[in-house]
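Asks: Please read through the structure below; I'll follow up with questions.
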């Protein structure tokens with residue numbers, strides 16, 4: 001069974017918090033809540049929604065609302081208007097070289113891809 005955890009990016013103070021504020025605060029536009037995927041990178045770091053991973057190319061961890069699952073968005077500078085999605089658990093679970101290289105809040109420059 002997957003461990004259910006969240007982290008919160010506070011846009012005002014530009015900092016992550018790992019303890020949920022009061023429920024009504026989560027509706028404020030100031031906060032961006034991300035869920036733990038249940039998987040870790042090669043260094044043992046927990047992978048959250050919004051993290052940017054590198055294996056072969058950079059990928060952004062996203063929540064797929066339509067399929068109710070985590071997936072990966074390929075960050076490719078050559079195809080800015082297009083992106084490829086991969087099933088998250090299959091991709092990460094089969095690769096031992098996956099590492100977190102940042103996240104979309106603290107390192108927005110990584111969203112441009114290689």
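The values are calculated or read from the model by the stated rules, or taken from the named source; none is laboratory data. Predicted, not measured: the structure shown is a model, and the values here were computed from it. All Cβ positions, even for glycine, are placed from backbone atoms using ideal geometry, and neighbour counts span all protein chains on display.
Asks: Conditions first: (1) modelled with pLDDT under 90; (2) part of a strand (DSSP E or B); (3) surrounded by 15 or more Cβ atoms within 10 Å (Cβ to Cβ). Residue 52 passes all but one, so which condition is the exception?
Replies: Just one mismatch for residue 52, condition (1).
Asks: Please specify each residue of region 86-114 satisfying the condition of being at pLDDT 85 or above, loosely packed, with under 15 Cβ neighbours inside 10 Å and touching a helix residue (DSSP H, G or I) at 6+ places or on another chain (Cβ under 9 Å).
Replies: 101, the sole residue that qualifies.
Asks: Now for a separate question. With respect to residue 19, is the statement that it is farther than 23 Å from residue 69 by Cβ, at pLDDT 90 or above and either in contact with a strand residue (DSSP E or B) (Cβ under 9 Å, 6 or more places away or on another chain) or part of a strand (DSSP E or B) (or both) true?
Replies: no
Asks: In region 57-74, what count of residues is obtained for those that are free of Cβ contacts under 8 Å to residues at least 40 places away in the same chain and closer than 17 Å to residue 112 by Cβ?
Replies: Qualifying residue count for the region: 6.
Asks: Surrounded by 11 or more Cβ atoms within 10 Å (Cβ to Cβ), within 19 Å of residue 111 (Cβ to Cβ), at pLDDT 65 or above and in contact with a helix residue (DSSP H, G or I) (Cβ under 6 Å, 6 or more places away or on another chain), is that true of residue 60?
Replies: For residue 60, the condition - surrounded by 11 or more Cβ atoms within 10 Å (Cβ to Cβ), within 19 Å of residue 111 (Cβ to Cβ), at pLDDT 65 or above and in contact with a helix residue (DSSP H, G or I) (Cβ under 6 Å, 6 or more places away or on another chain) - is not met.
Asks: Which numbered condition in (1) at pLDDT 80 or above; (2) surrounded by fewer than 16 Cβ atoms within 10 Å (Cβ to Cβ); (3) in contact with a helix residue (DSSP H, G or I) (Cβ under 9 Å, 6 or more places away or on another chain) is the only one that residue 8 fails?
Replies: If we test residue 8 against (1) at pLDDT 80 or above; (2) surrounded by fewer than 16 Cβ atoms within 10 Å (Cβ to Cβ); (3) in contact with a helix residue (DSSP H, G or I) (Cβ under 9 Å, 6 or more places away or on another chain), just (2) comes out false.
Asks: Moving on. Can you spot a residue in region 32-45 that is within 16 Å of the chain's Cα centre (by Cα), modelled with pLDDT of 85 or more, surrounded by fewer than 16 Cβ atoms within 10 Å (Cβ to Cβ) and on the phi > 0 side of the Ramachandran plot?
Replies: yes
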